[in-house]
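Notes follow the structure.
Since every read-out is calculated from the coordinates, none of them should be taken as a lab result. Values in this document were obtained by computation on a predicted structure and should not be read as measured data. All Cβ positions, even for glycine, are placed from backbone atoms using ideal geometry, and neighbour counts span all protein chains on display.
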Amino acid sequence: MEGKLKFDKKDLLSNFELYLGGIFISCTVIVTIINVFTRYCLGFTFFWNQEVALIGFVWAIFLGAAGAFKHNMMMGVDFLLQVTHGKARKTIRLISSILVSFITITMLVLSSSYILKSRKITPVLEISYKWLNLSIILAFIFMSIYSVNKVIKEVLICLGKLPEPSLLTEEVTEILGEKTGRDAE
C-alpha cells in the first residue's frame with residue numbers, strides 16, 4: 001500500500017536524537033507562528049513565547065548536531081585521506097578517530113562541569129538554564145558514544161578484521177545507503 005505512513009521502531013531507535021530534535025524544532029516553529037499571529041492579528045503577545053522558542057531551538061540545534069555527527073555529515077578536511085593509501089590511510093583514520101573521540105569526551109566533561117555550576121534562570125518563566133543547557137550534555141553523550149564506536153571500528157580495520165571502505169563508499173553509504181536499505185523493506 002503506497003502512500004501510507006509506516007511507523008518504524010528500528011528507525012526511531014537508531015535516529016532517536018533526530019526525532020527528538022524534530023519535535024523541538026516543530027515546537028519552536030509552532031510557538032513562533034502563534035506569536036506572529038497573536039501580535040499582528042490580535043494585538044498582543046504571550047510573555048513566555050520567546051523563551052519557549054529559544055529553548056526548543058537550542059535543543060533542536062544540539063540534537064541535530066549529534067545526528068549529523070553520527071551520520072558523518074559534519075564538515076571535515078579529508079585531503080590526507082585522499083592522497084594516502086593502505087597502512088598510512090588506516091593510521092590517519094585511526095589517529096583522527098582517537099582525536100575526535102578525545103575532543104567529544106572532553107567537551108562532555110567541560111559542558112557537564114559548566115552546567116553543574118550554572119545558577120542562571122530565564123527572566124520570564126524563571127526556568128533554570130540547566131534545563132536549556134542539558135541539551136549540550138545530551139548531544140556530547142551521543143557524540144562520545146558515536147566517536148568511541150568509530151575508534152573501535154577503525155582499530156578493527158587496522159587489525160584486518162574489517163575491510164577498509166573507500167572514501168566514495170563511505171559517503172555513498174552514509175548518504176544513500178541507509179535510505180536505499182530502508183526503502184527496500
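Both numbers refer to the Cα atoms of the chain; Rg and Dmax are 20.8, 67 Å. Build a GNM of the chain with springs between Cα atoms under 10 Å apart, and of A139, A88, A53 the one that fluctuates most is A88. Taking amide hydrogens as placed 1.01 Å from N in the peptide plane, the amide H of I121 sits under 5 Å from those of Y129, each at least 5 positions away in sequence or on another chain. Considering helices alone, the calculated mean residue ellipticity of the chain at 222 nm is -23500 deg cm²/dmol, with DSSP H runs of length four and up weighted by -39500 (n - 2.57) and normalised per residue. Could you tell me how many degrees, from 0 to 90 and to the nearest 10, lie between the Cα long axis of helix 16-37 and the main elongation axis, the longest principal axis, of the Cα atoms of the chain? Between the helix axis and the principal axis of the chain, the angle is about 30 degrees.
Let me know the whole percent of all Cα-Cα pairs from region 68-164 that are separated by more than 24 Å. Result for the distance tail: 38 percent. Kirkwood analysis of the Cα pair distances in region 1-85 returns a hydrodynamic radius of 15.9 Å.
Note on V124 and I92: their simple-model spin labels are 5.0 nm apart, each label 7 Å out from Cα toward Cβ.
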